[in-house]
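Take a look at the structure set out below.
The values are calculated or read from the model by the stated rules, or taken from the named source; none is laboratory data. These numbers come from a predicted model, not from an experiment. No Cβ is skipped: glycine too gets one built from the backbone with ideal geometry, and neighbour counts run over all protein chains shown. Remember, those area values only see protein heavy atoms, side chains included, never the ligands or the DNA or RNA. Shrake-Rupley method; radii C 1.70, N 1.55, O 1.52, S 1.80 Å.
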Amino acid sequence: MELAKDTRDRIFATADSLYEQAGRAAFPTVDAVRKTARVNMNDASAGMKEWRRAQTAQAAPVAVQVPEVVMQASSAALAALWHEAQELANESLRAAQAGWDAERIEAETLNKQMADAFEAQKTELEAGQARIEELEAAGRQAAADAEAQRQQIEETRNALLGVQQRAAVAEQRAEEIERRASDLRTELDHAHQEAAQGRAELAGVRQAHAAEIEALRADLATSQAKAEAAAEKAAAVADALRTELATVKARAEGAQEANQEQRKQAATEAHRMAERMTTAQAERDQAGKGERQAREEAREEAATLRGQLDALKELNTQLMQAVKAKSDNAEQKTLKKTDKSNTLG
């Protein structure tokens, strides 16, 4: 295999430099030249063989012409000439043999150096292969770590999206709760207004009942006065009339007591409704829950109160009608008896 000129020159220059650095005491090794010249093992081996051959002395060939001394002594000492020629031939042969032995030794040394260099290169290759395997393993581990980090980042991103979605839902629920709370406040205010109106109506009913009772008492007083005037002429009739009037008064007082009891119940229910409204408002302010139940209870309480007020009005009307009917009946009986007494008198 023929080396490229630049590679050959670089190997020769490196070998000369290393040979000079060693004081020309020993040839540089193939591995040292390979590392310094930065060539492969085959190029270094071939180049060093050529460089060593150039440095090894070659056997000098025997001269062809007859030496002058031989020519002078040719006639006298042919035997000496032949001996001298043999000596020269043997000397040349010994020189060639020595060169061949030196070249063989150099070749063996070169082969040993090449084997050592190949072993060193093999060790380096094995170390490099191990390092490559370590780097590949580290690369695979790094890829696995990167994949795990990517999955973790993806999971974190998904978790963040879930948190953002839950935050948006929570915000919407908060807005809905605020809107419901506003509606509940409006309904509670309306319920308070209805309760205040109910209390006002109840107060008006109480005043009307008081006025009606006063009128009833006035009517009873008038009836008693008429009865006392008629009693002078008809004692028995007057006693009967007083008894009947007493009965009417007792019924009226009983009706008044029943009316007062119903008023107390209505006031108690109104107070209870106000307490429930206050409790419902407190519960709405704390948690924003139970607004529908509180609204329904407020409506039911208001409806109950209105029903009780209507029943109380109806009862008072019936009571007034009954008392008036009794009073009119008693008065008519008294007048009839009075007229009868006057006629008899």
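Name every residue in region 144-186 that is open to solvent by less than 60 Å² (accessible area, probe 1.4 Å) and either among the hydrophobic types (A, V, I, L, M, F, W, C) or modelled with pLDDT under 85 (or both), in order of residue number.
Correct list: A144, A146, A148, A159, A167, A168, A170, A174, A181, S182, L184.
Checking G307 against (1) at pLDDT 80 or above; (2) open to solvent by 80 Å² or more (accessible area, probe 1.4 Å): exactly one of these is not met. Which one?
(2)
Each row is one residue, and each column tells you yes or no for (1) in contact with a Phe, Trp or Tyr (Cβ under 9 Å, 6 or more places away or on another chain); (2) closer than 30 Å to I177 by Cα; (3) at pLDDT 80 or above; (4) not charged (D, E, K, R).
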position: T247; (1), (2), (3), (4): no, no, yes, yes
position: A252; (1), (2), (3), (4): no, no, no, yes
position: N259; (1), (2), (3), (4): no, no, no, yes
position: A280; (1), (2), (3), (4): no, yes, no, yes
position: A287; (1), (2), (3), (4): no, yes, no, yes
position: S327; (1), (2), (3), (4): no, no, no, yes
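Could you look through region 6-40, keep only residues that are free of Cβ contacts under 8 Å to residues at least 24 places away in the same chain and in contact with a helix residue (DSSP H, G or I) (Cβ under 7 Å, 6 or more places away or on another chain), and pick out the one that is surrounded by the most Cβ atoms within 10 Å (Cβ to Cβ)?
The extreme case among them is V33.
Going by the conditions given, is W51 under 30 Å from R10 (Cα atoms), in a helix (DSSP H, G or I) and at pLDDT below 75?
no
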